[in-house]
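> I have a structure here, written as structure tokens, and I will follow up with some questions on it.
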Amino acid sequence: MVEATAFWIDGPGTGSLRSARLTAPGDGELLVRTLHTGVSRGTETTVLGGRVPQSEHDRMRAPFQEGDFPWPVKYGYLNVGVVEDGPSALRGRTVFTLFPHQSAFVVPVDAVVPVPDAVPARRAVLAGAVETAVTVLWDAAPLLGDRLTVVGAGMIGCSVARLAAGIPGVEVVLMDTDPSKREVAVRLGVGFALPEDAPLDRDIVVNASGAEAGLRLALETVVTEGEVIEASWYGDRPVSLPLGADFHARRLTIRASQVGSVPPRRRGSRTTRDRLALAVDLLRDPAFDALLTGESSWRDLPRVMAALADGRTADLCHTIDWTDA
């Protein structure tokens with residue numbers, strides 16, 4: 001038996017650390033000791049607030065979630081650790097797993113993706129965000145020379161912007177209401193604009209703001225007959241759009257993008273594991289360190305989550321250090 005510690009959400013904005021007893025890994029399984037987890041701010045604050053619509057309870061389950069929405073629930077999916085027990089080929093390897101905040105865990109071998117030596121363990125927690133960004137860009141399918149705007153400089157928006165900037169000839173502008181995000185944009189090698197300075201006639205606009213105002217701005221700034229990729233998830237919050245204005249006259253399109261499945265353009269040739277492995281490999285790029293803006297000990301998880309829930313913490317990606325657990 002191995003004794004582990006896990007974070008559970010107990011109620012609106014509150015959570016606690018609980019003990020978890022693990023059995024030894026069987027055939028086809030391995031034991032992972034966690035090094036770092038990451039907080040997916042948008043989704044996890046929605047879960048913390050109990051704002052997962054009942055219709056989405058099954059679809060929004062994390063791969064290794066325990067409990068049911070709204071509470072109590074063990075939720076999360078950004079975990080990097082070291083394999084302590086299992087097949088010899090993986091023992092001692094650093095791996096990424098879609099596992100919640102927990103100090104150690106047992107999972108099937110095919111649930112982990114090895115992290116390249118060139119990718120630091122803490123940066124590797126961003127694999128989930130980069131996987132989402134890959135999905136967004138597979139949906140958006142930007143062409144050479146496109147003008148692309150990303151609305152919302154959060155973890156997902158920043159990941160989309162950085163990957164899109166690697167496509168030759170694509171001009172990327174990251175837009176946010178917070179002027180301090182300009183520095184992040186500089187580190188990511190993309191342009192920056194406040195909403196009042198938003199460039200117009202953009203070939204593609206990705207909304208990753210999680211805000212109704214962001215989606216409205218996306219519709220206002222996309223080119224006629226252009227496409228807005230909606231990468232936000234609003235939980236149970238209603239969204240109102242001005243579809244009676246020029247939406248029809250300009251023949252605009254809103255396309256939803258969601259990481260739960262591989263987009264149709266790649267579904268016949270890529271599995272979800274292929275996509276995650278690609279995301280992990282893309283994290284060789286040190287520019288992604290600009291997204292790692294906060295860190296705490298696992299002992300502080302209840303306080304950190306409460307601060308995220310009420311808006312006192314606005315980190316792009318807050319990581320949790322489990323190395324001494």
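The values are calculated or read from the model by the stated rules, or taken from the named source; none is laboratory data. Please read all numbers here as calculations on a predicted model, not as lab measurements. Cβ atoms come from the backbone with ideal geometry, glycine included; neighbour counts cover every protein chain shown.
> Within region 137-169, which residues are farther than 20 Å from Ala213 by Cα and assigned to a helix (DSSP H, G or I)? First the steps, then the outcome.
Within region 137-169, the first condition is being farther than 20 Å from Ala213 by Cα, and the residues that meet it are 137-147, 159, 162-169.
Listed by number, the residues that qualify are Leu137, Trp138, Asp139, Ala140, Ser159, Arg162, Leu163, Ala164, Ala165.
> Name, by its number, the condition in (1) without any contact (Cβ under 8 Å) to a residue 40 or more places away in the chain; (2) part of a strand (DSSP E or B); (3) basic (Lys, Arg) that does not hold for Arg61.
(2)
> If we scan region 161-178, do we find a residue that is farther than 25 Å from Glu131 by Cα and of a type in the set (Gly, Ala, Ser)?
no
> Could you run through region 78-89 and say how many residues are of a type outside the set (Ser, Thr, Tyr), over 23 Å from Val259 (Cα atoms) and not in a strand (DSSP E or B)? Break it down stepwise before answering.
Filtering region 78-89 for residues of a type outside the set (Ser, Thr, Tyr) gives 78-87, 89.
Narrowing the set further to residues that are over 23 Å from Val259 (Cα atoms) leaves 82-87, 89.
If we keep only those that are not in a strand (DSSP E or B) as well, we get 86-87, 89.
Number satisfying all stated conditions: 3.
> Does region 109-119 contain any residue that is touching a strand residue (DSSP E or B) at 6+ places or on another chain (Cβ under 7 Å) and on the phi > 0 side of the Ramachandran plot?
At the first step, the residues of region 109-119 found to be touching a strand residue (DSSP E or B) at 6+ places or on another chain (Cβ under 7 Å) are 109, 111-115.
Subset that is on the phi > 0 side of the Ramachandran plot: none.
Within region 109-119, none of the residues are touching a strand residue (DSSP E or B) at 6+ places or on another chain (Cβ under 7 Å) and on the phi > 0 side of the Ramachandran plot.
> In this structure, does Asp117 turn out to be of a type outside the set (Val, Ile, Thr) and either within 30 Å of Thr253 (Cα to Cα) or surrounded by 17 or more Cβ atoms within 10 Å (Cβ to Cβ) (or both)?
On the way: of a type outside the set (Val, Ile, Thr): yes; either within 30 Å of Thr253 (Cα to Cα) or surrounded by 17 or more Cβ atoms within 10 Å (Cβ to Cβ) (or both): no.
Spelling it out, it is not the case that Asp117 is of a type outside the set (Val, Ile, Thr) and either within 30 Å of Thr253 (Cα to Cα) or surrounded by 17 or more Cβ atoms within 10 Å (Cβ to Cβ) (or both).
> While we're looking at this one, here's another question. So which pairs qualify, if the first residue must be in region 211-228 and at negative phi and of a type outside the set (S, T, N, Q), the second must be in a helix (DSSP H, G or I) and modelled with pLDDT of 95 or more, the Cβ gap must be under 8 Å, and the two must be at least 6 apart or on different chains?
Ala213/Pro195; Leu217/Pro195; Glu227/Ala140; Val228/Leu215; Val228/Ala218; Val228/Leu219
> Further question: Where the second residue is part of a loop (DSSP other than H, G, I, E, B) and the first is under 24 Å from Val223 (Cβ atoms) and lies in region 246-268, which pairs have Cβ atoms under 6 Å and are six or more apart or on separate chains?
Listed pairs, sorted by first residue: Ser257/Ala231.
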